[in-house]
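Data block below; observations after.
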Amino acid sequence: MIAETILLKARMVNPDSHALVSARAAGAYRASAKALAEEPEEIVRLVKDSGLRGRGGAGFPTGLKWTFLPKNRDATYLCVNADESEPGTFKDRLILEKDPHLLIEGIVIACHAIRCAHAYLYIRGEFCLPYERIRAAAAEAYAAGLLGPNAGGSGQPIDLTIHRGAGAYICGEETALLNSIEGKKGQPRMKPPFPTNVGLFGKPTVINNVETLANLPFIVENGPDAYRAIGTEKSPGTRLMSVSGHIEKPGVYEVAHGVPMRGLIEDLAGGVRGGRKLKALIPGGSSTPVLTAEEAYAVNVDFESVQATGSMLGSGGCIVMDETTDMVWALDKLAHFYAHESCGQCTPCREGSGWIAEIVQKIAAGNGTRKDLEKLESLAAQIVGNTICVFSDALAMPVVSHVTKFRAEFEAHLADRASSSAAP
Amino acid sequence: MAKFTLNGVEREVPDGINLIEAALLFGVRIPHYCYHPGLSPEGNCRMCAVEIEGIPKLQTACTTLVADGMVVHTESEKVIRERTEVMEFLLRNHPIDCPICDQAGECGLQKYYMEHGLHDSRVAVEEKILKRKRVDLGPLVVLDSERCILCSRCVRFCDEIAGVRELVLANRGGRSEITTFPGRTLENPYSGNVIDICPVGALTSKDFRFKVRVWFLKTAGSICPGCERGCNIYIEQYQNEVQRIRPRANLDVNRWWICDDGRLDYKWINRDRLLRAEGEAGAHSPERADEEAARILREAGSVLLVASPRSSNENLFALKRFRDAALPRAALVGGSFRKPWEGDRILKRPDRNPNRKGMEILGLSGDLEGALRKAPDCVLVVENDLLGDRPDLADLLRGKKLIALASNRDATAEKAALRIPVCTYAETEGSWTNFEGRTQAFHPVLKAVGESRPVFRVLEGIARALGASLEWSDFGALREETFQAAPALGSLSPSPGGGAHAL
Amino acid sequence: MKTEKPRWSAARAEEIEALRRRYPTDHALLLPVLWMAQRDFGWISHEVMELAAETCRTSPAHVYSLATFYTMFELEKPIRYHIQVCNNLSCSLTGSEGILAHLEKRLGIRAGEATADGRFRLTAVECLASCGTGPAMQVNDAYYENLTLETVDALLEEWMK
């Protein structure tokens, strides 16, 4: 039986956990006070040594990213990525709603570490309560002098501006997020240059996910070794796993990296709903390849274990599907999503996303032919490798994994299946 | 300088250029749509993707600057396959409009499909996304959204060159469309350039719509006569009528652009032409007209020869020699009453004549109005619509003999006692010197219309009828003499082209 | 009847100037300004776009490109209740298709349409990050989660009054 390892969720059980008075009573802003008294480089070292990896999806080592900032720079920006839009993911929202001061404290620490005087928090336009809560928390923090011209009494300014998105999944992509803040369309930029060199308004910029920043207070207060004591060597710390779909107890569970996926699903989340059998599981948000039940229950909740299966831990958005699920129908939902969200900038993705969605819909409706299925597979291969960002890869993952691992279902949907040569 | 390897051969190129330009220096053409040397690069069409050793993903050549030691492959299997795939994606929603599309024959999709596609279509016509067609984008431009490949060249042009963000890409994903703000059309005075830079038939010329297939056009390199800038142009004709004007790249003068006024400044070449000489007694043959002119000039007490800043340097020089040889006591003054327009910081110059500077260098500028007020008995006007520009001057010339050497039936020609047709710049060789002192040649694209002759040939004829000796074996001889006599004209300026602008 | 050009209230104009100081460029104000406009004027009409363009020192065409790129701006007419039902995978696994179909029937419109009187617009949207509490929908500035046909009916009763 596995249990949650509570780090980030610690204060969320408290009444009015979002309010400053409650958060402070439970220890908020102790770590940031400590950090502000240290040299910025020391904080960078701490975070690097902790092995903290980004929680937005890519899993890039946070401290390492910070070191990419050029030594001699005239300005630095921090962008907080609160655009949480990856299907299956709802954990950043939890932090914003239940413990926004944990995030703000993380922002203060990060700003100090990277010498940033102004942070922009990009929050998806749809979020209502999370937006209200983070706004209120920021106002409280300003009033208490934790943010502002003399942040935490450090003598240095740390400003936080909350910037609302307006409905575009692609704005969760780092450089699209920057463009969106700048008043352009949320279309990704070519890389290089990378944001740490040329970012927001042309200045060196770090973009960090909400959950990533929420880990900083613990690391500063307890040190990298304490952090490394949790989780695995390559994936230290805890993970907020969003579990949803055909599950008894959907919700956000905080587990130490490395716990078995089976434990998360059956011990913590109550198992597949109605006692049914697991059929498929998406481990890290819709942009990660789907796992069969067998694969899912052989894997641990950490970056390397999931990667070994060919999938990714991604954003930790775990979608559970039981034996009643039509996998073609499921892919139809996802293909529609990607076609809707393609920014349209570059040719393969703009044309390919719509084309793929159309074919999947055709097959799901029972009107597809063998040629359509072949076309689908070839297009999914064609769309990757020559685009400005990895949205096309994200779109190809579900297509390829669904068709490959559940081929029989796709074949069964074909209108000309009677004439197909492949035996079911 | 940077040393890099291109398709197996080591090359040296100047620093800071992108791979498309670098490859072009060695005759290697990397196909592209969204890249244009005059605009910021975007790398969105993906057609120019090439293989660079050490980088697993293909890189867009337009956004990659050459670096020392770079090893580039533009024709590897991976690159070629990628091009075919991009072509397939571009053509997926493209309407099958070729039979009715003006772009046919100079279309980027046609061109690259033949070179890099040649795949069978996997799309049924009914599956293609429908968008707006025949959208009025202003006095010069028609938009067909279905044909658009969303390269955004037009958006970048309006933003970066014309300085107004009038064109944008609206919507998202496969529903993206080029548009102006709803209810508005393009207002910038350079809007026509989007027609040239659009690689496909999405943005086409209203003026040229359905006129003629481009492969029937004959083209000549020429210079715009609209103002003192001297933008380089292509002038194109079919059945001896000018069909359209396009900019010709010249990095030193107009780069890749012309203004909308210049683009449309050709209809007068085709219309209201003076086809044969006419006097008070009726039409004349060229020889008879020359004799008639000589008679009027001989009988006149005082003669004023009026030169024009619209005339070529060679014709102006010929007029000088004509005066010296045939009418040594005649006054000779050049000038123009053409109202200047507002210049701008892009291309337009206030003086709406192409050769004010040349006329100055040849010593012909002067007080034209003053000369007219002296009320000479006879005024011979060469390529100058005095009375059209200043109708009030008709009073000054009442009762005087007016001889007009004109291409069109303008106000001056109509009032003239004798009018002799001459060729426009589209029908003869010549050169103009722009406001910077840059002397540029234009070349004929039409055969002489009607019985018009080059100005210098008419002057030769009149001189002969006056008993004077004035003759050039050919235009080349006239040009040589002109430039020798006026070294300040410099030498003919070449047109340094604009890099990878083939598409 | 000539409609008046939309103008910011004095308080709103002050708020915008305070916000302008938080960004190094005027264009960065575009999204915040469009949200303020939607709140103040009920929808983003062409006139509102022109006002936003003026405020952010850019062209109306630029504003138009943003207003159509993002999905959350109302571009057709003022809408009283914008019902946005999540149609993505997790919500679908827990019954959102049924919720959407029920709403289409009750409102008499298809997803993507609005009622003639502008009281309701019904849209099928993508993931709202409510996967664990699905089926979910967003209506104006609130989320409604763990939906059942009954809870939907109860809400409609309120909104149809």
(request) State, to one decimal in nm, how far the label point of residue B:12 lies from the label point of residue C:26, with both points 7 Å from Cα in the Cβ direction. (result) 5.0 nm
(request) Place the peptides B:208-215, B:474-481 in order of packing, highest mean first, counting for every residue the other Cβ atoms within 10 Å and averaging per peptide. (result) B:474-481, B:208-215
(request) Classify region C:5-64 as rounded, prolate or oblate from the Cα gyration tensor: take a ≥ b ≥ c as the square roots of its eigenvalues, call it rounded if a/c is under 1.5, otherwise prolate when a/b beats b/c and oblate if not. (result) oblate
(request) Would you tell me the mean number of C-beta atoms belonging to other protein chains that fall within 10 Å of each C-beta in A:179-189, as a whole number? (result) 6
(message) I need the fraction of alpha carbon pairs in chain A separated by more than 41 Å, rounded to a whole percent.
(response) 16 percent
(message) What FRET efficiency comes out for residue B:375 versus residue B:324 if R0 is 25 angstrom and r is the Cβ-Cβ distance? Round to the nearest 0.05.
(response) 0.60
(request) Jot down the per residue volume, in cubic angstrom and as a whole number, of the convex hull over the alpha-carbon atoms of chain C. (result) 141 Å³
(message) Check which residues have an amide H placed less than 5 Å from residue B:453's amide H, if you skip close sequence neighbours.
(response) B:422, B:423
(message) My understanding is that a pair violates if its Cα-Cα distance is over 32 Å; which of A:405/B:128; A:185/A:234; A:91/C:161; A:185/A:277; B:267/B:415 do that in this structure?
(response) A:185/A:234; A:91/C:161; A:185/A:277
(message) Quick check: the distance between the Cα centres of region B:91-110 and region C:123-161, to the nearest angstrom?
(response) 47 Å
(request) Determine which lysines satisfy two conditions relative to residue B:357: a Cα distance under 25 Å, and not lying fewer than 8 residues away in the same chain. (result) B:320, B:339, B:348
(request) Under 13 Å from a label point 7 Å along Cα→Cβ of residue B:119: give me every residue in region B:39-58 with its amide N that close. (result) B:47
(request) Return the sequence-ordered ³J(HN,Hα) values of region B:278-289 in whole Hz as given by the Karplus equation 6.51 cos²θ - 1.76 cosθ + 1.60 applied to θ = phi - 60°, using x for Gly and Pro. (result) 9, x, 5, 8, x, 6, 10, 6, x, 5, 4, 5
(message) For region A:1-93, which trypsin sites (Lys or Arg not before Pro) pass both filters: DSSP loop (anything but H, G, I, E, B) and at most 15 other C-beta atoms within 10 Å?
(response) A:71, A:73
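Taking 8 Å as the Cα distance limit and 6 or more residues as the minimum spacing, I'd like the relative contact order of chain C as a percentage.
17 percent
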(request) Note the full-extension length gain between residue A:1 and residue A:34 as 0.36 nm times their separation in residues minus their Cα-Cα distance, in nm to one decimal. (result) 8.2 nm
(request) With a cut-off of at most 10 other beta carbons within 10 Å, and DSSP calling the residue loop, which GluC sites (Glu not before Pro) in region B:251-344 qualify? Please list them. (result) B:280, B:342
(request) Give me D for region A:300-424 in µm² s⁻¹, whole number, from Stokes-Einstein with Rh from the Kirkwood sum over alpha-carbon pairs, 4 °C and 1.567 mPa s. (result) 85 µm²/s
(request) Calculate how many DSSP beta bridges within region A:64-197 are antiparallel, expressed in % of all such bridges and rounded to the nearest 5. (result) 10 percent
(message) Quick check on the protein assembly as shown: of the DSSP beta bridges with both residues there, what percent are antiparallel, nearest 5%?
(response) 60 percent
(request) Which order do the peptides B:94-107, B:134-147, C:52-65, A:331-344 take when ranked by the mean count of other beta-carbon atoms within 10 Å per residue, highest first? (result) A:331-344, C:52-65, B:134-147, B:94-107
(request) Calculate one ³J(HN,Hα) per residue across region A:4-9 by plugging θ = phi - 60° into the Karplus curve 6.51 cos²θ - 1.76 cosθ + 1.60, and present them in order as whole Hz with x for glycine and proline. (result) 5, 10, 8, 10, 6, 7
(message) With N set to the number of residues, divide the alpha-carbon radius of gyration of region A:170-312 by 2.2 N^0.38 Å and report two decimals.
(response) 1.25
(request) Using the 2.2 N^0.38 Å rule of thumb for compact globular proteins, work out how region A:1-105 stacks up: its C-alpha Rg over that value, please. (result) 1.22
(message) Just to verify a number: FRET efficiency for residue B:447 and residue C:5, C-beta to C-beta distance, R0 = 60 Å, to 0.05?
(response) 0.55
(request) Give me the lysines in straight-line cross-link reach of residue A:34: C-alpha distance below 23 Å, same-chain residues under 8 apart excluded. (result) A:9, A:48, A:65
(request) May I ask for the net charge around residue B:106, where only other residues with Cβ less than 12 Å from the Cβ of residue B:106 are counted and Lys, Arg are +1 while Asp, Glu are -1? (result) +1
(message) Modelling each spin label as a point 7 Å along the Cα-to-Cβ direction, I'd like the residue A:10/residue B:136 distance in nm, to one decimal.
(response) 6.9 nm
(request) Mark the label point 7 Å from the Cα of residue C:142 along Cα→Cβ and return the residues of region C:62-87 whose backbone N is within less than 18 Å of it. (result) C:79-86
(message) Considering all projection directions equally, how large on average is the shadow of the alpha-carbon convex hull of the protein assembly as shown, in square nanometres?
(response) 52.2 nm²
(request) Please work out the ratio of the alpha-carbon Rg of region B:151-247 to 2.2 N^0.38 Å and round it to two decimals. (result) 1.24
(message) Treating only the Cβ of Lys, Arg, Asp and Glu as charged (+1, +1, -1, -1), what charge dipole size does chain B show about its Cα centre? Round to the nearest 20 debye.
(response) 880 debye
(request) Set the Förster radius R0 to 22 Å, insert the Cβ-Cβ distance between residue C:18 and residue A:24 as r into 1/(1 + (r/R0)^6), and round the FRET efficiency to 0.05. (result) 0.20
(message) Averaged over its residues, how many other protein chain Cβ atoms are within 10 Å of peptide A:376-386's Cβ atoms?
(response) 4
(request) For residue A:118, list long-range residues whose amide hydrogen, built 1.01 Å from N in the peptide plane, is under 5 Å from its own amide hydrogen. (result) A:78, A:159
(request) Quote the charge dipole size of the protein assembly as shown about the Cα centre in Debye, to the nearest 20; the model charges only the Cβ of Lys and Arg (+1) and of Asp and Glu (-1). (result) 1820 debye
(message) I need the P(r) histogram for region B:217-316: all alpha carbon pairs, bin width 10 Å from 0 out to the longest distance, whole percents.
(response) 13, 30, 29, 19, 9, 0
(request) Go from 0 up to the bin containing the longest alpha carbon distance in region B:83-241, width 5 Å each, and give me the % of pairs per bin. (result) 1, 8, 16, 20, 19, 16, 11, 6, 2, 1, 0
(request) Output the relative contact order of region A:73-157, whole-number percent, from Cα pairs under 8 angstrom with separation of 6+ residues. (result) 33 percent
(message) Using the Karplus curve 6.51 cos²θ - 1.76 cosθ + 1.60 with θ = phi - 60°, what ³J(HN,Hα) values do you get for each residue of region B:266-273, in whole Hz, with x for Gly and Pro?
(response) 9, 4, 5, 5, 9, 10, 6, 7
(request) Would you list the P(r) distribution for region B:316-405, with all Cα-Cα distances sorted into 10 Å bins from 0 and each bin expressed as a whole %? (result) 14, 46, 30, 8, 1
(request) Go ahead and set up a Gaussian network model of chain A, Cα springs under 10 Å, then flag whichever of A:378, A:244, A:235 fluctuates most. (result) A:378
(request) Figure the gain on full extension for residue A:71 and residue A:142 (residue separation times 0.36 nm, minus the Cα-Cα span) and round it to one decimal in nm. (result) 22.6 nm
(request) Search the structure for amide H atoms under 5 Å from the amide H of residue A:299, placed 1.01 Å from N in the peptide plane, and list their residues when 5 or more places away or on another chain. (result) A:261, A:262
(request) Using only atoms on other chains, find how many Cβ atoms lie within 10 Å of each Cβ of peptide C:27-34 and report the average. (result) 5
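Laboratory data are not the source of any read-out in this text; all were calculated from the coordinates shown. Source: prediction; values computed, not measured. Glycine gets a Cβ as well: all are built from the backbone with ideal geometry, and neighbour counts include every protein chain shown.
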